[in-house]
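Chemist: Structure provided below as structure tokens; questions to follow.
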Amino acid sequence: MSADTDTAPAAVVVPARRTAPPWVLMYHSVAEFTDPAEDPYGITVTPRALEAQLLWLRSRGLRGVSVGELLRARAAGRGAGLVGLTFDDGYTDFLTHALPLLQRHDCTATLFVLPGRLGVDNVWDPLGPRKSLLTAEGIREVASAGQEIGSHGLLHQDLTAAADDVLLQELRGSRDLLRELTGTLPEGFCYPYGHLDARVVDATRAAGYGYACAIDPGRLAGPHALPRTHVSQADGGFRLRTKHLRHQVRELRRAVYR
């Protein structure tokens, strides 16, 4: 795809003054399962659980959107009532199970994919089970459906242990490949395993990403180290409310002691 046909999303604008990070939820796989042994890492929710969680957000006056949309809305003063939805790894079941539910409830999400592992499986999870990853065509279908595509690196590596040349390829190489796949330069990055340090955060910013998602980045929290809340199969309304309150308290404390 030529540079002439490439498009880029509206830039994520970082507010001049410091504000508390938004509430961003972290999902991975959406699939049917009955035995906890089928989900040893706690990364799977059933379609029924996901729908209940989306409905709970709606009942609280909240709507799930992609992180790019969320950050642009906040920069424009329109972020009230929006929650970020992210899905890591780019599993095929996003297309078959998650996307229909997001569309049904007028939500969008950011799907962080691995362009170096197209159409294979989650080899980095030694305990299994094997989960298939989207092909190039699947990623394009997700993007065409109005969902945001972000990079999760090339191969799902711990970037804090990567040499400088490998780090550069994981960041810039994956971004370039996704531009070739979708025609759009991805704005967002997600750190594999949630692992990051100052070197990795600086390299991510220098690679041109407008934002990056972590899990609990501690003192590195900011536009290129956004904290996220893991959502599991067990998270009903009470647990989600507790997690939301915990996020608010944590970010208030972080703002006070920053």
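Chemist: Please work out the C-alpha center-to-center distance from the range 108-140 to the range 171-201 and express it in whole Å.
Modeler: First find each Cα centre; the distance between them is then 15 Å.
Chemist: Determine the percent antiparallel among the DSSP beta bridges restricted to the chain, to the nearest 5.
Modeler: Antiparallel: roughly 10 percent of the beta bridges in the chain.
Chemist: Scan [x] 46, 45, 35; [y] 65, 41, 27; [z] 73, 50, 31 for the value of Cα extents along the principal axes in Å calculated from this model and give just the label.
Modeler: The calculated read-out lines up with [x].
Chemist: I would also like to ask the following. Classify the range 107-198 as rounded, prolate or oblate from the Cα gyration tensor: take a ≥ b ≥ c as the square roots of its eigenvalues, call it rounded if a/c is under 1.5, otherwise prolate when a/b beats b/c and oblate if not.
Modeler: Cα axes put the range 107-198 in the oblate bin.
Chemist: Specify which residue in the list 73, 102, 27 is farthest towards the positive end of the charge dipole of the chain, using unit charges on the beta carbon of Lys, Arg (+1) and Asp, Glu (-1), about the Cα centre.
Modeler: Projecting each Cα onto the dipole axis, the largest value belongs to 73.
Chemist: Right, next: Probe of 1.4 angstrom, ligands and nucleic acids ignored: what's the accessible area per residue over the chain, in square angstrom?
Modeler: Here the residues of the chain average 46 Å² of exposed surface.
Chemist: Answer rounded, prolate or oblate for the range 47-90, using the Cα gyration tensor with square roots of eigenvalues a ≥ b ≥ c: rounded when a/c is under 1.5, else prolate when a/b is larger than b/c, else oblate.
Modeler: Verdict is oblate for the range 47-90.
Chemist: If packing is taken as the average count of other Cβ atoms within 10 Å, what order do 90-99, 48-57 fall into, highest mean first?
Modeler: Per-residue mean Cβ counts within 10 Å order the peptides as 90-99, 48-57.
Chemist: Return the loop-located trypsin sites (Lys or Arg not before Pro) in the range 106-149 (DSSP other than H, G, I, E, B) with at most 15 other Cβ atoms within 10 Å of their own Cβ; answer none if there are none. It would help to have the intermediate numbers written out before the result.
Modeler: Numbers: sites: 117, 130, 131, 140; in loops: 130, 131.
Here the trypsin sites (Lys or Arg not before Pro) that fit, given the DSSP loop and packing criteria, are 130.
Chemist: What residues have an amide H closer than 5 Å to that of residue 24, excluding those fewer than 5 places away on the same chain, when H is modeled at 1.01 Å from N in the peptide plane?
Modeler: Under 5 Å from the amide H of residue 24 lie the amide H atoms of 84, 229, each far enough along the sequence or on another chain.
Chemist: While we're here: Can you show me the helix-derived [θ] at 222 nm for the chain, built from DSSP H runs with n ≥ 4 at -39,500 (n - 2.57) apiece and divided by the number of residues, rounded to the nearest 500.
Modeler: About -9500 deg cm²/dmol.
Chemist: To continue, here is another question. Given labels modelled 7 Å from the Cα in the Cβ direction, how far is it in nm from residue 35 to residue 141?
Modeler: 2.9 nm
The values are calculated or read from the model by the stated rules, or taken from the named source; none is laboratory data. No experiment lies behind these values; they were computed from the predicted model shown. No Cβ is skipped: glycine too gets one built from the backbone with ideal geometry, and neighbour counts run over all protein chains shown. Remember, those area values only see protein heavy atoms, side chains included, never the ligands or the DNA or RNA. Shrake-Rupley method; radii C 1.70, N 1.55, O 1.52, S 1.80 Å.
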